[in-house]
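Q: One structure, as structure tokens, below. Some questions next.
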Amino acid sequence: MSSATIDLATARAEGVPAEIAVFSYYRNAEQHGANLLFRLLKHLDDPDAQIALSQHLADETRHAWLWTERIVRAGAKPLVVCDGYQVRMGRQAGMPRDVLDLLALTVVVEQRALRRYQQHLRRPNLDPDTEDVLRNVTKDEAWHIDWIRKLGRAMAEERGEAKRFDDAIARYRAVDREVVEHLEAAEQELSGGATVD
Ligand SMILES: [Fe+2]
Ligand SMILES: [Fe+2]
């Protein structure tokens, strides 16, 4: 592992400030979210879906950039994250088999992003700069979840696979809970038992 490569559990020993590690994990999750959407681009023929997907993809790359800028404003550089949320999701849930799996996974990771950012916003002693970024990224997540879920449902019903779509969401949610439990425990360890404000 290079010195720029981190795992939350080892970051503390290397003296990485907890906030830089957390912002780097957010940045990494946004980039992987964009990658999921990029994969969806070639599966969707409907021109309206292509428009929404292009807007959505632009949002996720902008979110990654906003976290990058926040890290730079903190006087640091983004850490290369090899074991982030989405890599863990992929490892534990397996590769999506088709477009319905991709859509179900996107619903779950979008819901997680929204929940995580909302939790972070509720932390006491949140600095105004981080609060601004959190508000900026959070305002896009509701429509992201909404349109991807509707599209997934419609495509699943058309294919007579509504149950498989719902089952895929439930399966990804179960993996998501395990992954987040692990990441939150590592974050607590990194910040010495406290959360990052
Ligand atoms: Fe995002
Ligand atoms: Fe999103």
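Q: Note down all Cβ pairs under 9 Å where the first residue falls in the range 110-122 and is among the charged types (D, E, K, R), the second is within 10 Å of ligand 2 (Cβ to nearest atom), and they're at least six residues apart or on different chains.
A: Cβ pairs passing all conditions: E110/G33; E110/E141; E110/H144; E110/I145; E110/I148; R112/A29; R116/A29.
Q: From the set of residues in the range 88-140 that are out of contact with any helix residue (DSSP H, G or I) (no Cβ under 6 Å at 6 or more places or on another chain) and of a type in the set (K, R), which is nearest to H56 (Cα to Cα)?
A: Here the answer is K139.
Q: Also: Limited to the range 126-145, what total is found for residues that are surrounded by fewer than 17 Cβ atoms within 10 Å (Cβ to Cβ) and either away from ligand 2 (no atom under 16 Å from the Cβ) or without any contact (Cβ under 8 Å) to a residue 24 or more places away in the chain (or both)?
A: Total satisfying the criteria: 9.
Q: Could you figure out which of (1) in contact with an Asp or Glu (Cβ under 9 Å, 6 or more places away or on another chain); (2) crowded, with 20+ Cβ neighbours inside 10 Å; (3) among the small types (G, A, S) isn't true of G84?
A: (1)
Q: Which residue out of D98, D83 is under 21 Å from E30 (Cα atoms) and out of contact with any strand residue (DSSP E or B) (no Cβ under 7 Å at 6 or more places or on another chain)?
A: Selected residue: D83, the only one of D98, D83 that is under 21 Å from E30 (Cα atoms) and out of contact with any strand residue (DSSP E or B) (no Cβ under 7 Å at 6 or more places or on another chain).
Q: A further question on this structure: Test L66 against the criterion of being touching a residue at least 24 places away in the same chain (Cβ under 8 Å), surrounded by fewer than 21 Cβ atoms within 10 Å (Cβ to Cβ) and not in a loop (DSSP other than H, G, I, E, B), and give yes or no.
A: Answer is yes for this residue.
Only the coordinates and a few stated rules stand behind these numbers; no lab work does. On a predicted model such as this, the values are computed, not experimentally measured, just so you know. Positions of Cβ are generated from backbone atoms using ideal geometry, with glycine treated the same way; all protein chains shown enter the neighbour counts.
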